[in-house]
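To start, the structure under review is shown below, and the notes come after it.
The values are calculated or read from the model by the stated rules, or taken from the named source; none is laboratory data. None of the values given here were measured: they were computed from a predicted structure. Reconstructed Cβ throughout: ideal geometry from the backbone, glycine too, with neighbour counts over all protein chains shown. Each accessible area value is taken on the protein alone, full model and side chains, heavy atoms only, with ligands, DNA and RNA left out. Shrake-Rupley method; radii C 1.70, N 1.55, O 1.52, S 1.80 Å.
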Amino acid sequence: MPLSAYEEKLKDPEDLRMHPNHLKLLKKAQALERMGDHPGAAETYRTFLAQAPRHTDAWSDYAGQLLALGQFKEAQTACTTALAIDPQNPSLRINLGAALLRQNLLEEAEAQFRAVVKSDPSRMDAQLFLAECLLEKRQIIAARRVLEGASRPGAMTGRYAILKPQLAQLWSRFAADMFILQRISVAEEACEEALRFDPSHLGARQSLGSIRLAQGRLEEGASIFKQLVASHPDEPELRLFLISALLRKGDTAEVENETALAIQEQPTSFGLHKMLTGLFYSFGRWAAFGTEVERYRLVDPTSSYLDFETSFVDLLFGRMPEGWEGYEARFRVPQDLRPQRSFEQPTWNGEPFSGKSLLVWSEQGLGDTLMVARYLPQVKALGGRVILEAQPSLIPVVATCAGCDEVLPSGEALPLHDLQVSLMSLPWVFRTNLASIPDNVPYLDVPAEVPNREALLQRLEAAGESTRIGVVWAGSPGHVRDIERSLPMEDLAPLADLQGVVWYSFQIGRPESPPLPNLISLGHLLGDFSDTAYALSGMDLLITVDTSIAHLAGAMGIPTLLLVSFIPDFRWLLERNDSPWYPSVRLYRQPDYGDWKSVVRKVVSDLTQEC
């Protein structure tokens, strides 16, 4: 919140000329504001402004109270009304920017904050709002520059000292963003900055604990979370972070003790159950996973979610008939846990449908669609017209798959159809087991139309006679397990020892590049998967983490080295270095949770021997 006009200017000459009754009303509003009575203050400011409508500082303070009440549109109106009277009032511009920011009107909000900062760089309240706006816009580097400026010696002194907690919060948020992007050292520095301005900041201390675990400093990480559990007994999720740290340490006795305490605190909490099974899955604690599922089954005997989450373990262990059967329970999970689509048309269960039309619709990630598209020829062999609905960016590529009569992007109006089925239900429909996975690879190809063909070809030809190797080190930050499946780009450094290679980055959404020689970035040219497929077709090899490009490469038959986490996604199974889904894919698994360095060293060793 910006500093109020009351704090900036205790006595205004206009106040001294004001009617005594009006001045009394203004002082009452200011007193209510200081007491934190936002409804009372807002109402009193409103009454005052009806009698003194040209008092712009009061308009600014009134807007501040509306912001505190969450009445953002009304605050915007108050500010624009007052700015018509005093266009240069900085407090009004800051409050207007805040109202726009809270409505997610980020460009307009940024313009207001920058206007104030340009005229008065010392306005730390405007600087902090600008930093928040830039973080919302995912302009991380620009946000960092603003935060560094606000953190310089002397900037947060005097009347701006009260904004130190806000600055700490922004540094903590920046640290969390950097941690998600695997920029561990930058995240650590940001946490230290946050704690410099607010030594007790919970978010920063929590992030620092996670950073210590990521650095392999397990004792320090566990110690931080133990302190947080003790000092914040009303924050039960902190115990889950402690359990995660203890799992990393391999301290079975303490894991069992802390798990029992967590359950004792929230015995019927579904959220706790979901987080516990998620932790046990990630660390391969299968006995604990099963015990927790059975415990919660006593709490909620009819829960379909239990069958759904157990299906992932069955599939991971290769128990596909049971796994695909349990996977269908996702359609019985409550809407608030997993939103469902509804259709008037009946669900197709694999029966012949000659003379009818069948809608096959995508429901999950890009990689899921690419993987299961292989079933479409089998679908087509059973009947009439097959309509595939897929994510817009995939349309040109999945249209190259046999078995589709029509392909349309999700979100468009659906054509008439008689039957419908989820794409991810096809493995269950065809009763898939390890031996019966369709082996029609390659089943996807480069589309005829490639938007950036010429620009991509120019870069591919730059390799000359050298080996072309594509690389991807991170998936989408929004993925629930992205912190486990993505690796810090610095860990790719040993790949630089490979000779005669031109490296191609297929990475999207990460501004920095790994320390590899002759690296050519293609990310800005990958407009949709047509471009990606074309670029992949020019690679001798792809090295990637578990993300959608791995599925595309596998479906095209491109030689691929897939780097997977300690406990990977279910489709990669356990304890094997090949994939029954993709013959051209070789798996490289973490030997221990979070250990990417060993994975990359093994890749370098194998490729060196093969050369």
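Looking across the range 399-441 at every residue that is without any contact (Cβ under 8 Å) to a residue 12 or more places away in the chain and farther than 20 Å from Q364 by Cα, the one that is surrounded by the fewest Cβ atoms within 10 Å (Cβ to Cβ) is identified as A435. Whether a residue is free of Cβ contacts under 8 Å to residues at least 60 places away in the same chain, farther than 29 Å from R173 by Cβ, open to solvent by 50 Å² or more (accessible area, probe 1.4 Å) and not in a helix (DSSP H, G or I) was assessed, and R138 does not pass this test. Counted as qualifying within the range 210-290 are the helices (runs of 4 or more DSSP H) with 1 or more residues that are within 25 Å of the chain's Cα centre (by Cα) and acidic (D, E), namely 237-249.
In the range 1-18, the condition of being at pLDDT 90 or above, under 18 Å from L92 (Cβ atoms), surrounded by 15 or more Cβ atoms within 10 Å (Cβ to Cβ) and among the small types (G, A, S) is met by no residue.
Filtered by the rule that a residue be exposed (fewer than 14 other Cβ atoms within 10 Å of the Cβ) and either within 21 Å of L526 (Cα to Cα) or of a type in the set (A, V, I, L, M) (or both), the range 456-492 gives Q458, E461, A462, G478, V480.
Within the range 378-398, restricting attention to residues that are farther than 13 Å from G350 by Cα and not in a strand (DSSP E or B), the residue that is most open to solvent (accessible area, probe 1.4 Å) is P392. Among residues of the range 330-352 being surrounded by fewer than 18 Cβ atoms within 10 Å (Cβ to Cβ) and outside any loop (DSSP other than H, G, I, E, B), the one that is modelled with the highest pLDDT is T347.
Do the conditions hold for Q227, that is, is it modelled with pLDDT under 95 and open to solvent by 50 Å² or more (accessible area, probe 1.4 Å)? So Q227 does not fit the description; no. Taken over the range 19-51, the criterion of being open to solvent by 20 Å² or more (accessible area, probe 1.4 Å) and hydrophobic (A, V, I, L, M, F, W, C) is satisfied by L23, L25, A31, L32, M35, A50. State the number of residues belonging to the range 513-543 that are assigned to a loop (DSSP other than H, G, I, E, B), in contact (Cβ under 8 Å) with a residue 40 or more places away in the chain and open to solvent by 50 Å² or more (accessible area, probe 1.4 Å). Result for the range 513-543: 3.
In the range 569-598, the qualifying residues are those that are closer than 19 Å to Q182 by Cα and touching a residue at least 60 places away in the same chain (Cβ under 8 Å), and the one that is surrounded by the most Cβ atoms within 10 Å (Cβ to Cβ) is W596. Across the range 94-130, the number of residues qualifying as within 20 Å of the chain's Cα centre (by Cα) and either open to solvent by less than 70 Å² (accessible area, probe 1.4 Å) or at pLDDT below 95 (or both) comes to 1.
All conditions in (1) over 21 Å from T252 (Cβ atoms); (2) open to solvent by 20 Å² or more (accessible area, probe 1.4 Å) hold for R295, with the sole exception of (1). Picking from residues in the range 238-255 that are surrounded by fewer than 14 Cβ atoms within 10 Å (Cβ to Cβ) and farther than 14 Å from R217 by Cα, the one that is modelled with the highest pLDDT is A253.
Let's see how each residue does on (1) touching a residue at least 12 places away in the same chain (Cβ under 8 Å); (2) among the aromatic types (F, W, Y):
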site: E309; (1), (2): yes, no
site: F312; (1), (2): yes, yes
site: G326; (1), (2): yes, no
site: V333; (1), (2): yes, no
site: Q340; (1), (2): no, no
site: F353; (1), (2): yes, yes
site: Q364; (1), (2): yes, no
site: V372; (1), (2): yes, no
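Of the listed requirements (1) over 18 Å from the mean Cα position of the chain (by Cα); (2) within 18 Å of Q227 (Cβ to Cβ); (3) small (G, A, S); (4) open to solvent by less than 20 Å² (accessible area, probe 1.4 Å), A143 misses just one: (2). Screening the range 536-546 for residues that are more than 26 Å from the chain's Cα centre (by Cα) and not polar (S, T, N, Q) and picking the one that is farthest from T467 (Cα to Cα) gives G538.
When the range 399-436 is filtered for residues that are over 23 Å from I549 (Cβ atoms) and in a helix (DSSP H, G or I), the ones remaining, listed by number, are S425, W428, V429. The residues listed here are L370, L358; of these, the one that is of a type outside the set (D, E), over 17 Å from G554 (Cβ atoms) and touching a helix residue (DSSP H, G or I) at 6+ places or on another chain (Cβ under 9 Å) is L358. Checked against (1) open to solvent by 40 Å² or more (accessible area, probe 1.4 Å); (2) under 20 Å from R285 (Cα atoms); (3) at pLDDT below 95, C611 passes all but a single condition, namely (2).
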